[in-house]
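Report on the following structure.
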Amino acid sequence: MDTLDNMRTFVAVVRAGSFSAAARALDTVPSVVAKRIGQLEHRLKTKLFERSTRSLELTEAGAHYLRRFTPLVAEIDSAFREGSSVAQGLKERLRIKVPTTLTVSHFGDMLTDFQKENPGVRMEVLLMDRSVNPVEEGFDLALGALPATYANVTDIPLCRLRRVTVASPGYLEKAGSPSHPRDLAHHSCLSYLATGTIWRFEGAQGGISIDVPSTFGVNDSHVLLSALEKDLGIAILARHIARDSIRAGRLVEILTDYPVPDLWVRALVPESRRHNPAVEALLQWLIDRSQPVSPWDRDHG
């Protein structure tokens with residue numbers, strides 16, 4: 001068990017970024033964390049961290065062992081937790097990654113409702129928009145709409161995320177309306193940082209990819225919406241976020257002959273956690289509330 005504790009402490013230090021932060025997360029003191037890391041380094045006969053007064057960086061060996069230990073620690077901890085909860089309902093700690101805007105508007109309520117129905121489950125919910133490998137970063141479930149896939153991770157589609165290309169009438173009056181995606185090279189483009197500046201469209205002859213000049217980039221869709229309504233340029237936006245502004249005439253859908261491919265919101269689950277009772281229950285909870293109609297389309301047809 002000492003070796004397992006040392007491995008668990010090593011993973012906690014990497015996640016927390018320091019010995020003192022890891023000690024707080026593990027409910028112990030920094031000296032114990034340092035002792036465990038020292039024991040693990042002695043056992044492995046290699047340094048895991050480069051230490052300085054200001055930073056703590058993984059060595060090459062440390063990065064290697066992090067990839068090996070993270071799924072092992074998660075699977076062993078899961079086995080212990082499952083064994084103690086078989087006859088006592090769901091008792092589990094779940095670490096979940098979720099996208100910011102969709103969680104504030106929809107998935108946040110789903111998660112808090114699940115917590116209310118399952119008080120024995122402890123949930124740690126982190127809002128971030130980048131794609132994460134849940135195995136390497138220690139998540140039991142990661143929600144997102146980016147198309148990245150990872151080894152030893154199961155992808156479960158939840159719901160469709162439709163997107164449109166839009167601009168304000170004021171911007172189009174000033175700069176003109178593009179008739180083809182390549183015309184975007186001569187426009188002010190507003191980018192959503194998580195999806196980048198390479199915009200993809202569907203044309204009669206197949207897919208079209210354009211690397212657009214971004215004059216304003218942001219990682220929140222509502223800030224992007226505000227920038228659009230202030231005549232700052234053209235952007236690709238989730239249809240449900242742009243919907244009210246389009247209906248009110250504050251935004252106009254453009255390049256309608258070149259639609260933007262839909263994204264899918266997916267749940268990414270490490271294969272080692274796929275059949276954990278709490279993970280399965282949360283996954284089914286999300287599926288039931290996301291299908292057959294996306295939650296943001298339910299009241300709009």
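General remarks:
- Given charges at Cβ of Lys, Arg, Asp, Glu: the chain dipole, positive-most of L251, P292, G38: G38
- When the charge dipole of the chain is built from unit charges on Cβ atoms (+1 for Lys and Arg, -1 for Asp and Glu) and taken about the Cα centre, the candidate among L225, G206, L56 whose Cα reaches farthest toward its positive end is L56.
- By the helix-only formula, in which each DSSP H run with n ≥ 4 contributes -39500 (n - 2.57) and the sum is divided by residues, the chain has a 222 nm mean residue ellipticity of -12000 deg cm²/dmol.
- Residues listed by number, region 183-220, amide nitrogen under 15 Å from D231 label point at 7 Å toward C-beta: 188
- Cα-based equivalent ellipsoid, region 102-151: semi-axes from gyration tensor eigenvalues, Å: 22, 14, 8
- Counting only residues at least eight positions apart within a chain, or on another chain, the lysines with an alpha carbon under 21 Å from that of K230 are K174.
- Listed values [x] 76, 50, 36; [y] 89, 45, 32; [z] 68, 47, 34, entry calculated as Cα extents along the principal axes in Å: [z]
- Nearest-ten-degree value, helix 108-117 long axis tilted from longest Cα axis of the chain: 40 degrees
- Expressed as a whole percent, the accessible surface of the chain that belongs to carbon and sulfur atoms is 50, based on a 1.4 Å probe.
- Under a 5 Å amide H cut-off, with hydrogens placed 1.01 Å from N, C159 pairs with V265 among residues at least 5 apart or on other chains.
- The mean accessible area for residues of the chain, using a 1.4 Å probe and ignoring ligands and nucleic acids, is 52 Å² per residue.
- Taken about its Cα centre, the chain carries a charge dipole of about 660 debye when Lys and Arg each add +1 at the Cβ and Asp and Glu each add -1 at the Cβ.
The values are calculated or read from the model by the stated rules, or taken from the named source; none is laboratory data. Quantities reported herein were computed from a predicted structural model and do not represent experimental measurements. Neighbour counts are summed over all protein chains in view; Cβ atoms, including those assigned to glycine, are modelled from backbone coordinates with ideal geometry. Just so you know, the surface numbers come from the protein's heavy atoms only, side chains and all, with ligands and any DNA or RNA stripped out. Shrake-Rupley method; radii C 1.70, N 1.55, O 1.52, S 1.80 Å.
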